[in-house]
Structures are given as structure tokens and as C-alpha cells.
């Protein structure tokens with residue numbers, strides 16, 4: 001069972017009037033479900049609790065319409081009508097043996113109030129500090145506004161108590177919690193008792209903590225979430241000042257939850273930060289208070305967790321993204337199943353879901369967000385619906401997931417891969433700059449498949465349609481991936497680009513295979529807008545080439561705004577000397593270079609280069625699927641042939657893994673093709689008189 005080295009992680013910790021059963025603490029995290037998907041959200045949190053987390057917290061719950069962060073879909077705790085939904089989450093968490101935490105938040109100057117249309121509130125008169133640069137300005141709070149805010153927060157805490165929570169937050173971090181705007185010298189230039197000195201700037205936070213404890217502290221622990229550095233030097237809230245604030249308020253809350261600010265610093269991707277990158281910022285803070293301290297850092301290694309506790313850095317191991325990638329991480333450590341942990345790859349696909357106002361998703365854990373909607377579980381799956389055998393062709397992300405989950409269902413599975421190494425696109429992509437952690441997607445699944453006696457793997461098996469039809473299986477799954485287009489077609493160009501004879505054109509597939517531009521000057525044309533254009537530009541520069549990145553988008557790797565790393569990608573490329581030309585689409589490729597056109601005016605310019613690398617659209621490798629279908633007959637033993645993942649529609653690795661899981665879930669399941677694809681919670685209609693009806 002459990003390795004004794006990890007016993008310390010399963011010690012109970014007292015947090016004010018409550019005690020957590022272990023040191024595993026799922027910190028508040030968004031999920032794109034919020035007030036819209038009550039039961040789906042409650043089920044997701046319940047799965048975390050089932051997986052062994054001692055504390056499971058909600059995302060931020062807005063306490064008042066003046067702190068409305070729409071269009072983002074978070075929880076509401078505006079009035080009594082929100083209590084039943086909040087109670088459902090707490091009840092689901094308790095049912096699986098965890099403490100339930102509620103993060104209260106008044107978003108202050110971060111809230112444009114697009115839904116409520118209330119005037120935003122802040123310490124001074126300034127534009128709102130929102131992600132979309134909304135043309136909305138906050139008004140400076142007067143003393144009555146501050147009294148109102150304190151009352152709203154107290155009432156929200158009381159509603160949390162009524163809903164059955166064990167722990168409630170006072171939020172002053174990441175420029176989401178409105179109290180942080182008062183702490184910050186950048187935003188707080190007030191001249192009254194709420195501005196100026198550190199003691200004055202911390203006054204509102206102190207009052208909120210004291211009044212929350214007075215209201216609910218007899219039954220509920222009161223946590224303070226605070227940012228310990230904005231990474232802006234002395235211009236922002238910095239380490240020394242944060243420590244002064246924590247020292248000033250040291251014994252007031254029952255727990256300190258430490259973060260970096262803003263969210264893009266707190267949840268950095270693996271491309272730019274290693275596991276535990278926040279350790280230098282939280283080291284020493286535990287010595288400022290007797291209260292327990294929790295922090296995060298994309299922790300997946302139990303040995304590292306133990307060191308953090310034994311060295312007195314943290315009392316509780318906080319996690320958001322690792323708890324999404326593997327909700328059962330604590331139980332797997334407790335049961336001695338370390339190699340079964342589904343490690344977070346730090347891609348921030350989960351964050352992207354929230355930014356797109358849709359149920360969040362995870363590359364490693366395709367069941368995340370689908371626990372109630374589709375009835376998927378991260379560790380369990382229904383037993384096989386028949387004694388059928390399945391041949392999976394292709395061991396990329398979708399093929400590996402399908403083979404693993406079909407094996408867990410109990411089917412006899414054969415996995416055939418044409419190369420020696422399993423992983424498909426990940427075999428090459430994990431070697432690109434900053435993407436090594438992404439290889440965990442393949443490593444985890446290969447390790448799990450090796451434990452399944454009913455899954456047989458054949459490497460270096462390049463099957464033909466005749467091979468598949470003659471194999472004798474009941475079902476065939478085609479997971480053969482995709483190829484990058486060589487003709488420039490994607491979003492900007494819908495027809496192939498003109499290429500002069502002799503001009504050198506390469507694709508990511510060419511670079512994977514070891515090909516390189518013959519000359520030193522290279523144009524990377526990126527109409528994909530995710531990571532590939534940026535990482536290939538970085539790769540080519542590291543090999544001594546002069547690179548110009550051209551994109552029709554307004555900045556490099558534009559979609560990565562959703563993963564909160566676009567600005568880091570652009571900064572790195574600029575630091576490496578990459579010339580970036582935005583808002584220009586590909587017009588022609590000549591022997592002199594790439595001719596590009598302004599997306600607004602159509603005006604053309606020549607970018608001199610000796611080679612062009614096109615990162616545009618991809619085409620599914622569906623020839624094998626077509627061949628099998630063409631040769632199938634009524635007498636053939638094959639019951640079905642189905643393409644999954646990139647072989648259907650090229651997309652993200654997360655989409656490919658999801659496709660594999662979906663195939664495994666739905667095999668031998670009879671479903672009305674016109675029935676709903678998943679469960680959803682429909683808004684209840686208001687009762688009482690309706691204004692357009694004659695009474």
C-alpha cells in the first residue's frame with residue numbers, strides 16, 4: 001500500500017474550527033460551468049472529493065451584482081436564490097468525505113458588470129482592469145460604498161454557512177479579489193484611511209476578515225487568499241510588501257492561501273515554468289504566522305510534496321490543474337500507485353475552456369467536465385457490451401486513449417502502430433522547445449496499456465486495408481492522424497497559394513522528419529494560431545537561422561491568449577530576434593521569399609527568404625478508412641470501421657484524447673441518433689404574472 005515516506009501527506013490539519021483529513025487541498029479554480037451548469041459542477045467537485053482531496057473548493061462566487069465578471073461564467077452568491085445551487089455543491093463534496101470551501105469574491109475593478117450594468121467599484125476613478133479592455137470605468141468608493149461592500153461580504157458568508165460549507169474565503173489575490181486593488185499602490189492612491197500607508201491599504205482586507213470571522217467563524221474556517229508577488233518589481237505588489245501585509249494580519253484568518261498575481265503568473269504553462277516554480281515566492285511565509293499555509297506550483301511529484309511540508313514551506317499541498325488532470329492523485333499516492341498518476345502537462349487547456357465561457361476540458365483527463373453531462377468517470381468505465389474484439393490502427397493520442405479505455409471495459413484489443421515508438425504526433429512534438437511535458441500524455445497511456453493483459457500492441461505494423469479486413473476483428477478503429485498542408489490553405493487562404501518553381505516550401509512534418517531549410521533566412525507563415533508556429537520559429541532560431549514569422553492575426557500564436565501564454569510566446573520570439581509581421585496573409589511564394597498582403601488594405605510587401613515554412617491547416621489521413629470501407633462487403637466479418645481523432649478532423653491533443661475516450665464509451669451502446677448527445681440543465685421558467693399577458 002502506501003510508501004511510509006508519504007505518511008506525512010495524510011496527516012490531518014486543523015484549520016480554525018474544522019480539520020481536514022489530509023494535506024491535499026484543491027484550491028479554488030474556475031471551470032467554465034459556474035451558475036449555468038449546477039449539477040455538472042457539483043458532480044465534478046464530488047469526483048475530486050472521491051479521489052481523496054481533503055478540501056475541495058469552489059471557484060470564485062460573486063457576492064453582489066456590482067462585482068459581475070460576465071461574460072465569464074462563475075458562481076453567483078448574490079442573494080438567497082443562489083443558496084440551493086451552492087448547497088448542491090457542498091452536499092456533493094461532503095458525500096465523498098471532503099471539506100467544502102467557498103471562495104467569495106467581489107471582483108472590484110476587474111468586473112465590467114456587463115450583465116448587471118451596475119457601475120463598477122474601485123479604490124479610485126479608473127478604467128476597469130478587465131481582460132477585454134472594456135470601455136467601462138469604475139468609480140471611487142466612498143465610505144458608504146465600503147460599508148456596503150463589507151455588509152455584502154458578511155451576508156454572502158452567512159449564505160455560505162446556510163449552504164453547508166466548512167470554509168469560506170476572503171479573496172485579495174490575482175487582481176480578481178477586489179480587496180487587492182486596495183492593497184496595490186498602483187491602483188490605490190487614496191488619501192483617506194483606506195489609502196497611503198500599508199496599514200491603511202490593508203484596512204479593508206482586515207475588516208473583511210474580522211467581520212467574516214464574526215459572522216461564521218464559530219462553524220466555518222476563514223481563509224485569506226492573497227498574492228505574494230505581481231512580478232512587477234516595486235511598481236507592483238512585491239515579495240517584501242506582501243510579507244509585511246501577511247505579518248500585519250498574521251493571526252486573523254484561519255488559513256493563508258498564497259498565489260502569484262495575476263492569473264497568468266499563478267498558472268504558468270510548462271513551456272515557461274517547471275513544477276514548483278512558485279517555491280521561492282512562498283518560502284519563509286509560514287514563519288510569519290502560526291496559521292496553516294497552502295500554496296500551488298503544478299505539483300505532481302509526491303517526493304516534492306513531502307519536501308515542501310518537511311522543510312516548513314507549506315502545510316497543505318494546493319492544486320488546481322493537477323487535481324483536474326488526476327482527481328484521484330491523493331488516493332493513488334495513498335494506495336502506492338504512483339505510476340498510475342495522470343500527471344498534469346501544464347498546457348492550460350483547462351484555462352482555455354474558462355476563457356471561452358464553455359465547460360472546461362483537460363488534455364490528460366477527457367472526463368473533466370463530462371462527469372455528469374456524459375456520465376464519464378476518470379477511473380471507471382462501463383464493462384464491455386459484448387465479447388467483441390477491436391483493432392485500433394495508430395497509437396497517437398486518440399488511438400492510445402481508445403485502446404486503454406476499451407481494454408479497461410474488457411474488450412480484446414489489438415493496437416497496431418506503424419512506427420517503433422508509440423505516441424503519434426507526440427513523438428515529435430514533445431521534442432520541440434518547451435513541450436517535453438506534453439509527452440506525459442503518451443507515457444501515461446502506454447504505461448497503463450502495458451498493465452492490461454487483454455490489450456496486445458504490435459509496433460512497426462503498417463497495415464493495409466486488406467490486412468485490416470483479414471485480421472478477424474469485429475471492429476476497426478482508424479486513428480492514423482493527419483498531415484500538415486503544403487499549399488497554404490487554412491483560414492486566410494481558401495485556395496492554394498502560388499508557388500514559383502524552385503522555391504523551397506516546408507511543413508512541420510518535414511521538420512519532424514529531419515529536413516531543414518537550405519538557406520539561413522526563413523519565413524514561418526502561421527495561420528494555425530496555436531503553439532506550432534511559435535515553437536518552430538524558436539527551433540529554427542536555435543539552429544542559427546534568421547526567422548521572420550508572418551501571421552494574419554494581430555499577434556503571434558494568437559489563440560494562446562486563451563491559455564494565458566501568448567504574451568510570453570511573443571516576448572520570447574522578440575528576445576530571440578525573430579521578426580514578427582502581423583495582420584498579413586500569404587499572397588505568393590517566390591524564389592526571393594514570401595509575398596504577403598495586409599489583411600486590411602491588401603497592400604503587398606516582399607519578405608525576403610530562402611525558404612518558407614507553412615503552418616496552416618491539416619488534412620486527415622483517411623485513405624486507410626476509405627480503403628477499408630470500399631472493400632467491405634455484406635459477407636465481411638468486420639461489423640464497423642470508425643475513424644477517430646485527427647483522422648476525422650485535426651484538432652488539439654485534448655480533442656484527440658476526447659475522441660478516443662468517446663469511442664470507447666459508446667462502442668456497443670445503442671442510442672437514438674436524434675436523442676440529446678449529453679445531459680444539460682435547462683433554466684427554470686419564472687412563475688407568477690407575466691407582463692405581456694392580460695390579467
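The values are calculated or read from the model by the stated rules, or taken from the named source; none is laboratory data. Keep in mind it's a predicted model, so treat the numbers as computed, not measured. Don't worry about glycine lacking a Cβ; one is built from the backbone with ideal geometry, like all the others, and counts go over all protein chains shown.
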(request) Go through the residues of the stretch 42-55 one by one and say whether even a single one is modelled with pLDDT of 95 or more, in contact with a strand residue (DSSP E or B) (Cβ under 8 Å, 6 or more places away or on another chain), in a strand (DSSP E or B) and over 30 Å from residue 679 (Cα atoms). (result) no
(request) Taking residue 244 as meeting all but one of (1) at pLDDT below 95; (2) over 21 Å from residue 107 (Cβ atoms), write down the number of the exception. (result) (1)
(message) I'm trying to understand the selection: among the residues of the stretch 450-473, which are in contact with a strand residue (DSSP E or B) (Cβ under 6 Å, 6 or more places away or on another chain) and either over 13 Å from residue 416 (Cα atoms) or without any contact (Cβ under 8 Å) to a residue 24 or more places away in the chain (or both)?
(response) 454
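Only one of 610, 595 is in contact (Cβ under 8 Å) with a residue 60 or more places away in the chain and assigned by TED's automatic domain parsing to the domain that holds residue 550. Can you tell me which?
Within the list 610, 595, the selection yields 610.
So which helices (runs of 4 or more DSSP H) are wholly in the stretch 319-397 and hold at least 2 residues that are modelled with pLDDT under 95 and in contact with a strand residue (DSSP E or B) (Cβ under 7 Å, 6 or more places away or on another chain)? Spell out how you get there, then give the answer.
Numbers: elements: 321-325, 329-334, 349-355.
Per the criteria, no element qualifies.
Which one of 649, 626 is in a loop (DSSP other than H, G, I, E, B) and within 30 Å of residue 470 (Cα to Cα)? Break it down stepwise before answering.
Numbers: 626 fails: in a loop (DSSP other than H, G, I, E, B).
None of the other options fit; the residue is 649.
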(request) Sort out for me the helices (runs of 4 or more DSSP H) sitting completely within the stretch 110-225 that have 1 or more residues that are under 28 Å from residue 567 (Cα atoms), assigned by TED's automatic domain parsing to the domain that holds residue 19 and within 28 Å of the chain's Cα centre (by Cα). (result) 179-183
(request) Output the number of the condition that residue 314 fails; it satisfies all remaining conditions of (1) surrounded by 18 or more Cβ atoms within 10 Å (Cβ to Cβ); (2) within 16 Å of the chain's Cα centre (by Cα); (3) assigned to a loop (DSSP other than H, G, I, E, B). (result) (2)
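Give 254, 244 a once-over and let me know the one that is surrounded by fewer than 22 Cβ atoms within 10 Å (Cβ to Cβ), in the same structural domain as residue 323 (by TED's automatic domain parsing) and either closer than 30 Å to residue 300 by Cβ or touching a residue at least 12 places away in the same chain (Cβ under 8 Å) (or both). Reasoning before the result, please.
Values: 254 fails: surrounded by fewer than 22 Cβ atoms within 10 Å (Cβ to Cβ).
Checking each option against the conditions leaves just 244.
Against the condition within 29 Å of residue 132 (Cα to Cα) and not assigned by TED's automatic domain parsing to the domain that holds residue 73, how does residue 379 come out, does it pass?
Here the answer is no, as residue 379 does not meet what is asked.
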(request) Report yes if residue 564 is assigned to a helix (DSSP H, G or I), in contact with a helix residue (DSSP H, G or I) (Cβ under 6 Å, 6 or more places away or on another chain), modelled with pLDDT of 95 or more and not assigned by TED's automatic domain parsing to the domain that holds residue 260, otherwise no. (result) no
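Considering 477, 427, which residue is within 20 Å of residue 620 (Cβ to Cβ) and either crowded, with 20+ Cβ neighbours inside 10 Å or out of contact with any helix residue (DSSP H, G or I) (no Cβ under 9 Å at 6 or more places or on another chain) (or both)? First the steps, then the outcome.
Numbers: 427 fails: either crowded, with 20+ Cβ neighbours inside 10 Å or out of contact with any helix residue (DSSP H, G or I) (no Cβ under 9 Å at 6 or more places or on another chain) (or both).
The match here is 477.
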(request) Sort out which residues of the stretch 646-684 are over 20 Å from the mean Cα position of the chain (by Cα), buried (at least 23 other Cβ atoms within 10 Å of the Cβ) and over 17 Å from residue 407 (Cβ atoms), and write them in order of number. (result) 646, 647
(message) Condition first: farther than 27 Å from residue 23 by Cβ and part of a loop (DSSP other than H, G, I, E, B). Now tell me which residues in the stretch 232-261 satisfy that.
(response) 232, 236, 237, 238
(message) Between 86, 99, which is closer than 15 Å to residue 158 by Cβ, touching a strand residue (DSSP E or B) at 6+ places or on another chain (Cβ under 8 Å), assigned by TED's automatic domain parsing to the domain that holds residue 25 and surrounded by 21 or more Cβ atoms within 10 Å (Cβ to Cβ)?
(response) 86
(request) Could you check, for the stretch 283-295, whether at least one of its residues is crowded, with 24+ Cβ neighbours inside 10 Å and part of a loop (DSSP other than H, G, I, E, B)? (result) no
(request) Give the residue, chosen from 539, 549, 619, 574, that is touching a helix residue (DSSP H, G or I) at 6+ places or on another chain (Cβ under 8 Å), surrounded by fewer than 21 Cβ atoms within 10 Å (Cβ to Cβ) and not in a loop (DSSP other than H, G, I, E, B). (result) 539
(request) Return the only residue of 271, 298 being buried (at least 23 other Cβ atoms within 10 Å of the Cβ), without any contact (Cβ under 8 Å) to a residue 60 or more places away in the chain, in the same structural domain as residue 49 (by TED's automatic domain parsing) and part of a loop (DSSP other than H, G, I, E, B). (result) 298
(request) Tell me, please, whether a residue that is buried (at least 19 other Cβ atoms within 10 Å of the Cβ), closer than 13 Å to residue 41 by Cα and under 11 Å from the mean Cα position of the chain (by Cα) can be found in the stretch 361-374. (result) yes
(request) Answer yes if at least one residue in the stretch 346-353 is touching a helix residue (DSSP H, G or I) at 6+ places or on another chain (Cβ under 8 Å) and more than 19 Å from residue 560 (Cα to Cα), and no otherwise. (result) no
